[in-house]
Structure formats: structure tokens, C-alpha cells
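Read the structure below first, then the notes.
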């Protein structure tokens, strides 16, 4: 019986889920403007282990959202995941953040386009089929009125970019599922279990999050 702890911190949503055989048992998450990941993550992890009535030694693997997303959020999640894997001597599994986001959408036809805010009119995006098969790799792209114009299918957009992108992406075949805003560890459970069964792990020592863009530090004008 495998227990996998799933950690998702790529966006404003700090999310942790414990899964058994690919099914979420407990999920704790909170999305805040102030990015409280550093304060909330380890508390959520400890609470979940206690509430589930297991110990850390019962965990079979740790799964972490690999990005793209917030530089700071990803670092916090990956650091916590690596620390647990080192301490428990268990595998580390990396899950595509945009696939986690896309997995919240249920459609019968068309395409799913998960998008995460990358400041101004730039987004991180990919394209998935209704079965969550990725047919276009992750890109950092600037959204214009011509974006996705070559796709004739009904396009379902999910993520935290609706407010800024809806005025631009306004074609008849564009639909925004605004209730789906952030990736959640709840949707990681099945994805991480699939990778666990195939021994699709990453190197704990050398794994780095998929930032997609270089981190840029700004200097205060004060």
C-alpha cells in the first residue's frame, strides 16, 4: 500500500495532499496574496500526517510540482520535498505544474490551455487534449489578439490569467473556465502515482525546478 505526499507551491496556492494508491485522502491548501508558503507548508505536512494516522516512515515517495511558476514558491516546495526524501530515503517525483492545472478541467472535446501569470501580458502555457495528453510543450509567451488563432477547436482556458487575457482572447471558440484558477496537490495524486508505478523519479541531489525564465531581482526605488 503506497502513500505519496504531494506538494504544490508553484503559484499563490500552497497545497499539500496525501494520496493512497493514487487517490487523495487528505488535502490542505490556501491561496493568499502574500505567498505564505514558508509559514504554511510544513504545518500542512505535519497536520496531514497526524490526521491520516500514519508516520513519515509510511510514505513511499514525495511528489513536487516542478513548474513553471513562482520562483520563490517553487524553491520552497522543492526544498521541502528534497529534505523529506533525503531524511526518509525515498524517491522524489516531479509533476508538470501545467498538467496539474489542466487536470481540473473536464471536457469531452476541444483542447485545454492552462495558463499561469508571468507578469504583464506574458503567460506560461501549454496545450492538452481532453485526456490530458500534452500536444504542445510549455512556453513563456506574450498574449496578443492573434494568440492561438490557428486552432479551430473549442479552447478551454484555465489558470490565473482570465482577468488580463479575456479582453484580448475573445474569439467565439475561446472559453474561460474561471473557477479553475490555481494548480492543486489534489490533482497531483493520480499523476504522481502513475509515475511512481513506472519508477519515473528524479535525482534528489540534482533536481531543479522548471523556472522557464531566469529569476530577476529588482532593486527598491526607495
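Per-structure values
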{"read-out": "Likely footprinting exposure, 37, 42, fewest C-beta neighbours within 10 Å first", "value": "42, 37"}
{"read-out": "Share of Cα-Cα pairs in the chain lying beyond 32 Å, as whole percent", "value": "19 percent"}
{"read-out": "Antiparallel bridges, percent of DSSP beta bridges restricted to segment 1-142 (to nearest 5)", "value": "75 percent"}
{"read-out": "Top of 14, 109, 27 by mean-square fluctuation, Gaussian network on the chain, Cα under 10 Å", "value": "109"}
{"read-out": "Fewest-first ranking of 156, 3, using other Cβ atoms within 10 Å as the exposure measure", "value": "3, 156"}
{"read-out": "Cβ-based exposure ranking for 15, 36, 65, in which fewest neighbours within 10 Å come first", "value": "36, 15, 65"}
{"read-out": "Within segment 105-176, percent of DSSP bridges classed antiparallel, to nearest 5", "value": "55 percent"}
{"read-out": "In Å, descending, principal axis extents of the Cα set of segment 105-176", "value": "31, 24, 20"}
{"read-out": "Sequence-separation-based contact order of segment 105-176, relative, with Cα cut under 8 Å and 6+ spacing, percent", "value": "32 percent"}
{"read-out": "Cα long-axis angle, helix 71-88 against the chain (0 to 90 degrees, to the nearest 10)", "value": "30 degrees"}
{"read-out": "Crossing angle, helix 188-197 versus the chain [Cα axis fit, 0-90 degrees, rounded to tens]", "value": "60 degrees"}
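We did not get these values from a lab; they are worked out from the coordinates using the rules stated. In this text, all values refer to a predicted model and were calculated from it rather than measured experimentally. Quick reminder, even Gly has a Cβ in these numbers, built from the backbone with ideal geometry, and neighbours come from all protein chains shown.
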